[in-house]
Amino acid sequence: QVQFVESGGGSVQPGGSLRLSCAASGSLFTILRMGWYRQFPGKERELVATITRDGFRNYADSVKGRFTISRDNVKKTVWLQMNDLTPEDTAVYYCNGYRLSTNYWGQGTQVTVSS
């Protein structure tokens, strides 16, 4: 099994930056594809970025060039560096681990971008 603890959310002005962290416990982390998803009020959760255990990255078009996902398999941590934030990035962000059709989720962290 695996559990995630997210941190780093908060409020920031447009154009600002935040770095989300997701610390994992358990032995599965190194074999999981890790990712970040976000959910807008009244909407389905949507993919932001994923990273395989070997470091292959995938991004939603809306965040390409602004967000960077990274991971450290020794520290069992995945990060999402978010730059040039806009109000449209305001959402609850969830850490995700995926393997063999099973999703593992963190509790979510709120990101608010507002002037």
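The values are calculated or read from the model by the stated rules, or taken from the named source; none is laboratory data. From a predicted model like this one, the values you see are computed outputs, not experimental measurements. No Cβ is skipped: glycine too gets one built from the backbone with ideal geometry, and neighbour counts run over all protein chains shown. Heavy atoms of the whole protein, side chains included, go into the accessibility calculation; ligands, DNA and RNA do not. Shrake-Rupley method; radii C 1.70, N 1.55, O 1.52, S 1.80 Å.
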Dipole of the chain [Lys/Arg +1, Asp/Glu -1 at C-beta], most positive-end residue of Phe29, Phe67, Trp79: Phe29
Protein accessible area in region 2-73, 1.4 Å probe - carbon and sulfur %: 46 percent
Mean accessible surface per residue for the chain, computed with a 1.4 Å probe while every protein chain stays in place, in Å²: 53 Å²
Contact order normalised by residue count of the chain, Cα under 8 Å, 6+ apart, percent: 36 percent
Residue of Pro41, Pro87, Pro14 that the Gaussian network model of the chain assigns the largest fluctuation, springs spanning Cα pairs under 10 Å: Pro41
Karplus (6.51, -1.76, 1.60) ³J(HN,Hα), θ = phi - 60°, over region 105-115, in Hz, Gly and Pro reported as x: 10, x, 7, x, 9, 7, 10, 10, 10, 7, 9
Residues whose placed amide H lies under 5 Å from that of Gly108, excluding near-sequence neighbours: Glu6, Cys95
For region 78-93, Karplus couplings with θ = phi - 60° (6.51, -1.76, 1.60), whole Hz, Gly/Pro x: 10, 10, 10, 8, 10, 10, 6, 5, 10, x, 6, 8, 5, 5, 8, 9
Most mobile of Val78, Val48, Val12 in a GNM of the chain (Cα contacts under 10 Å): Val12
Theoretical gain in end-to-end length, Ser7 to Glu88 [0.36 nm per residue, Cα-Cα removed]: 27.1 nm
Fraction of alpha-carbon pairs over 24 Å apart in the chain - percent: 18 percent
Ser114 versus Asp54: modelled label distance in nm, points set 7 Å from Cα along the beta carbon direction: 4.4 nm
Loop-located trypsin sites (Lys or Arg not before Pro) in region 1-77 whose Cβ has at most 12 other Cβ within 10 Å (DSSP): Lys43, Lys64, Lys75
